[in-house]
1. Looking only at residues in the stretch 15-56 that are among the small types (Gly, Ala, Ser) and crowded, with 18+ Cβ neighbours inside 10 Å, which one is modelled with the highest pLDDT?
2. Does GLN81 qualify as being over 25 Å from ASN23 (Cβ atoms), polar (S, T, N, Q) and in a loop (DSSP other than H, G, I, E, B)?
3. Determine which single condition GLN98 fails, assuming it passes every other condition in (1) at pLDDT below 95; (2) part of a strand (DSSP E or B); (3) surrounded by fewer than 21 Cβ atoms within 10 Å (Cβ to Cβ).
Amino acid sequence: MRAHLLGTLVALATWQLVIGQENLLRNPSFENEVVEADWKGAGFLMERVTDDVYDGTYAIKCSQRDRGLEGPIQIPLNVTQGKTYQFEGHFKLLNGLQGKLWQTFKIVLQYTIPGVPNLKTYNIALSGFGTPQRGWFKVEGSMAAPSVEFTEARLALRGPDPEVAFLADDLKLYEIPEDSSWRAQSYQNIEDHRKGNINVM
C-alpha cells in the first residue's frame, strides 16, 4: 500500500513539474495538414483520419506495416544533453493477431553520437498490454538524455507486431525541470497521508 502511494505521489510530482512546459514535438496532434513536414515514415501507410480521434479533429493512422519497427519518427528533436524528459501519448489498436493476447507499444529516443557507428536507442515509454478492446489508451514514461555529446536526436513510435494497424494522437514530450525539492515533498506527503485518518467507503 505504501509503495503504491509513493509511486502515485512521485508520478503526481512529476506531472506538476511539467505543467506549463513547452511541448517539444511539432504537430503533436496531427492537426497540421502537412504531416510529412514533421513526421517521417517509410515502408508503411501513414494518413490523417477524422472518424476516430482521441482529441481535436485528427489522428494519425499507421497501417500496411510489415515490420514491428514501423511507425512515425520525428527528426530532429530539440533535446539537451543530460536533461530529463517526459513522454505522453494516446494510442489505439485497430486489429489484433490470432493467438496473440497483447501487443506492445514502445516509444524510443535515438541519438547520433560522434564516433559511434549506429544510432543509440533508449526506451522512454513502454506499454505491453495493448488490445483492440481497450480502445484509446495512454502510454507514458520518462528518461534522461545521454550525458555524452550527441549531434542529433529523434523520437520514434515503435508499433506493435507487423500487420497490426494503429492510431496515435495527442503526443507530448516535455523537459522535466530540475527541482531538488520535489522528491522530499513527495515523501513528506506520504508521511502526512500515513498519519492521517483513512476512510473506507
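1. Here is the first cut: in the stretch 15-56, the ones among the small types (Gly, Ala, Ser) are 20, 29, 37, 41-43, 56.
From what is left, the residues that are crowded, with 18+ Cβ neighbours inside 10 Å are 29, 41.
On the way: SER29: 98, GLY41: 93.
Among residues in the stretch 15-56 that are among the small types (Gly, Ala, Ser) and crowded, with 18+ Cβ neighbours inside 10 Å, the one modelled with the highest pLDDT is SER29.
2. Details: over 25 Å from ASN23 (Cβ atoms): no; polar (S, T, N, Q): yes; in a loop (DSSP other than H, G, I, E, B): yes.
Against the criterion (over 25 Å from ASN23 (Cβ atoms), polar (S, T, N, Q) and in a loop (DSSP other than H, G, I, E, B)), GLN81 does not qualify.
3. Looking at each condition in turn, GLN98 falls short on (2).
The values are calculated or read from the model by the stated rules, or taken from the named source; none is laboratory data. Computed from a predicted model, the values in this text were never measured in an experiment. Cβ: placed from backbone, ideal geometry, glycine included. Neighbour counts: every protein chain shown.
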